[in-house]
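Student: Below you will find the structure I want to go over with you.
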Amino acid sequence: MLIFRRLTILIICFLGITGYTAFSQEASVKDTASTASAGKKGFNAGEFIFEHIGDAYYWHILTLKTSHGDHPIAIPLLVIVYSKTTGLHVFCSSKLEHGNAVYDNFKIAMEGPDKGKVVEIQPDGTTVKPLDISITKNVAALLVSVALMLWIFLTAAKAYKKNPNQAPKGIQSVVEPFIMFIRDDIARPSIGEKRYERYMPYLCTIFFFIWFNNMMGLIPIVPGGANVTGNIAVTMVMALFTFAITTFSGNKHYWREMVDAPGVPWWLKFPLPIMPLVEISGMFTKPFILMIRLFANITAGHIVVLGFFSLIFIFGQMNVALGYAVSPLSVAFVIFIYFLELLVALIQAYVFTLLSALYFGLATTEHH
């Protein structure tokens with residue numbers, strides 16, 4: 001508990017210090033012609049949306065538009081890269097000035113296949129992508145959510161140990177209904193009375209992890225706003241955990257049915273093993289579906305909300321009065337979708353947990 005408290009204090013101090021050192025850098029303007037070109041370009045809804053749902057090396061707060069250019073205000077994060085030629089480099093992302101500066105031969109690529117990523121400039125002028133293990137916005141948000149979960153559940157566990165025979169109160173009364181729901185409505189019916197307990201820690205962890213990050217992604221201010229569960233790498237890792245647990249939990253009946261499904265005509269098994277191939281491919285498509293479903297639903301929700309916001313600027317670009325006219329309707333739709341997303345955040349956590357439990361149940365069921 002003492003280690004967790006120190007870790008929490010360290011994270012809070014880090015965010016506080018970086019918040020005070022939030023940087024405001026002016027985008028470089030090469031000449032008057034490029035400025036005029038940028039002015040004619042106008043609002044780009046696609047760039048606006050994907051900039052907000054994508055990952056970044058800083059936690060963007062707002063952009064101040066002045067006569068001298070745009071001044072982005074953001075919380076800088078830690079850049080950790082390893083170069084094959086110069087070794088390990090650790091520095092603050094403010095050194096890169098949102099892609100407008102080069103630091104120690106590193107910069108943020110503004111175009112090409114590595115756009116938005118830190119690249120290293122070679123002596124011949126070309127760029128290569130180093131090994132990047134930086135603390136990006138998604139990583140920082142993930143650490144915050146993990147710290148929040150540890151604080152909530154360690155506090156609840158401590159209260160249960162202190163008062164084992166008393167009715168839950170405080171934070172216990174908040175988390176206990178969800179844990180009971182996972183146990184009684186997901187784990188027991190899907191896995192079975194005899195085996196559900198061994199999977200409860202994972203099912204509870206995955207449920208609350210997805211739900212907490214979904215909810216934090218809907219908060220527009222720091223430490224929210226990051227699209228953690230809308231990141232395909234995050235959903236892939238969670239799906240791989242479910243796949244690994246399912247695979248290693250499989251009993252002999254599970255593997256026998258994989259190659260010799262009962263009730264299937266023999267000519268679908270021999271000489272062409274059609275059904276065994278279908279069953280084996282299904283073993284891999286299940287985690288793939290888990291990964292894509294969560295990623296697509298969360299990302300789509302963010303895109304829809306930002307899309308309605310973009311309508312204000314798109315119509316405003318055509319005519320200022322038209323922009324004002326569209327604003328109430330656009331904001332109304334945003335509020336409606338936002339409340340819908342609050343429900344979707346919980347539903348997606350439930351669906352991922354339920355499907356994981358069903359896969360565990362299929363892998364451990366006994367032959368009757």
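Student: Just give me the residues in the stretch 209-241 being under 19 Å from Leu346 (Cβ atoms) and assigned to a helix (DSSP H, G or I), in sequence order.
Tutor: Listed by number, the residues that qualify are Phe209, Ile210, Trp211, Phe212, Asn213, Asn214, Met215, Met216, Gly217, Val234, Thr235, Met238.
Matching residues to (1) among the acidic types (Asp, Glu); (2) farther than 21 Å from Val228 by Cα; (3) exposed (fewer than 13 other Cβ atoms within 10 Å of the Cβ); (4) in the same structural domain as Gly192 (by TED's automatic domain parsing):
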{"position": "Phe270", "(1), (2), (3), (4)": "no, yes, yes, yes"}
{"position": "Met275", "(1), (2), (3), (4)": "no, yes, no, yes"}
{"position": "Phe284", "(1), (2), (3), (4)": "no, yes, yes, yes"}
{"position": "Ile303", "(1), (2), (3), (4)": "no, no, no, yes"}
{"position": "Gly307", "(1), (2), (3), (4)": "no, no, no, yes"}
{"position": "Gly323", "(1), (2), (3), (4)": "no, yes, no, yes"}
{"position": "Leu343", "(1), (2), (3), (4)": "no, no, yes, yes"}
{"position": "Leu355", "(1), (2), (3), (4)": "no, no, no, yes"}
{"position": "Tyr359", "(1), (2), (3), (4)": "no, yes, no, yes"}
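Student: Can you say whether Gly112 is in contact (Cβ under 8 Å) with a residue 40 or more places away in the chain, within 28 Å of His302 (Cα to Cα) and out of contact with any Cys (no Cβ under 9 Å at 6 or more places or on another chain), as far as the supplied structure shows?
Tutor: When the stated conditions are applied, Gly112 does not pass them.
Student: Residue by residue through the stretch 290-327, note down the ones that are touching a helix residue (DSSP H, G or I) at 6+ places or on another chain (Cβ under 8 Å) and either closer than 30 Å to Thr247 by Cβ or outside any helix (DSSP H, G or I) (or both).
Tutor: Answer for the stretch 290-327, where residues must be touching a helix residue (DSSP H, G or I) at 6+ places or on another chain (Cβ under 8 Å) and either closer than 30 Å to Thr247 by Cβ or outside any helix (DSSP H, G or I) (or both): Leu290, Met291, Ile292, Arg293, Leu294, Phe295, Asn297, Ile298, Thr299.
Student: Now for a different question. Would you list the strands (runs of 3 or more DSSP E) that sit entirely within the stretch 48-138 and hold 1 or more residues that are among the small types (Gly, Ala, Ser) and loosely packed, with under 13 Cβ neighbours inside 10 Å?
Tutor: By residue number, 87-92.
Student: Considering only residues of the stretch 121-151 that are under 20 Å from the mean Cα position of the chain (by Cα) and of a type in the set (Val, Ile, Thr), which is farthest from Cys92 (Cα to Cα)?
Tutor: Of everything passing the filter in the stretch 121-151, Val146 is farthest from Cys92 (Cα to Cα).
Student: Tally the residues that are more than 16 Å from Thr126 (Cβ to Cβ) and either among the aromatic types (Phe, Trp, Tyr) or touching a residue at least 24 places away in the same chain (Cβ under 8 Å) (or both), restricting the search to the stretch 62-88.
Tutor: The number of residues fulfilling the criteria is 16.
The values are calculated or read from the model by the stated rules, or taken from the named source; none is laboratory data. In this text the structure is predicted, and so the values were computed from the model without any measurement. With ideal geometry, Cβ positions are generated from the backbone for all residues, glycine too; neighbour counts draw on all protein chains shown.
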